[in-house]
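K.L.:
Have a look at this one.
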Amino acid sequence: MKRHVKNRLIMVFIGLVFWSCKNQQGTDYNVLTFGPGQEEAIEEAFLSIKDSTNIHLKAGKYRFENLSIAQVNHIKIDGDGHDKTIVDFSGQTQGGEGIRITDVKGLTIGNMTIRDSKGDLLKINNSQDIIIADLHSIWSSADSTSGGYGIYPVLCKNVLIENCYAEGASDAGIYVGQTKGVVVKNCKASKNVAGCEIENTTDAEVYDNEFYGNTAGFLILIYLIYRSEVVM
């Protein structure tokens, strides 16, 4: 009976992820395309972003203090590939996230590399229907001076993380916390304290990944006030 219930939960979650992907693919986005040297315009586009917007960063290197988006729906942020579009936060003068996403419903982000923030590289808070794909999060120095988390959804619902790479975090390369419904698949993590960490999260699937060269490869933390099911 318990196995049957677990299988039903997995099928329900897969259905939710499929619905999320289909719904986002059907969105009619207003596409804003930028190139290197347009950092000021990109920052303004992030701050003033409206529903159903796609911010596309062409191949090249971009330098920012930080970027943030809050309280919008159906957003896409993408580049020309993790080996072509590089977003660099090494010039930050104070701590904080590289990219912070808050209260967003329907987000797709990827096809780029983000690197070298003082705090977390990508933090997604209190959001739902999230796709993080082909995103590389990297710190040049894998030590205590690196930010804590590379890819960091927390307090979210329905999250898919796939084909991503995380390196050099002083805590976890990929961290998912207090989230309902997450799939982490076909990802790699190296030179972090923890390659991947799932904490107080319900209905999680983590499979077909490679976590190597970390202090700890894969951590699951569950406190008694939460009921978590992790399938590997």
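K.L.:
When only Cα pairs under 8 Å and 6 or more residues apart are kept, what is the percent relative contact order across segment 59-116?
P.N.:
So the answer I get is 49 percent.
K.L.:
Next up: Can you give the FRET efficiency for residue 93 and residue 221, using 1/(1 + (r/R0)^6), R0 = 35 Å, r = Cβ-Cβ distance, to the nearest 0.05?
P.N.:
About 0.60, to the nearest 0.05.
K.L.:
Here's another thing I want to ask about it. If you average 1/r over all unlike Cα pairs in segment 107-193 and invert the result, what Kirkwood radius do you get in angstrom?
P.N.:
Taking the inverse mean of 1/r over all distinct Cα pairs, segment 107-193 comes out at 12.4 Å.
K.L.:
Below 8 Å, C-alpha to C-alpha, sequence gap of six or more: please give me the relative contact order for segment 81-207 in percent.
P.N.:
19 percent
K.L.:
Hey, another quick one. Per-residue counts of other Cβ atoms within 10 Å, averaged by peptide: what ranking do you get for 204-216, 103-115, highest first?
P.N.:
Per-residue mean Cβ counts within 10 Å order the peptides as 103-115, 204-216.
K.L.:
If you don't mind, another one. Net charge near residue 145: determine it from the other residues with C-beta under 15 Å of the C-beta of residue 145, scoring Lys and Arg +1 and Asp and Glu -1.
P.N.:
-2
K.L.:
I'd like the distance between the alpha-carbon centres of segment 173-223 and segment 85-127, rounded to an integer number of Å.
P.N.:
Using only Cα atoms to place each centre, the spacing works out to 18 Å.
K.L.:
Which value, in Å² and to the nearest 10, is the accessible area of residue 46 when all protein chains are kept and the probe is 1.4 Å?
P.N.:
10 Å²
K.L.:
Please list 33-45, 169-181 highest first by mean number of surrounding beta-carbon atoms within 10 Å per residue.
P.N.:
169-181, 33-45
The values are calculated or read from the model by the stated rules, or taken from the named source; none is laboratory data. Keep in mind it's a predicted model, so treat the numbers as computed, not measured. Backbone-built Cβ (ideal geometry, glycine too); neighbour counts: all protein chains shown. What goes into the accessible areas is simple: the full protein's heavy atoms, side chains included, and nothing from ligands, DNA or RNA. Shrake-Rupley method; radii C 1.70, N 1.55, O 1.52, S 1.80 Å.
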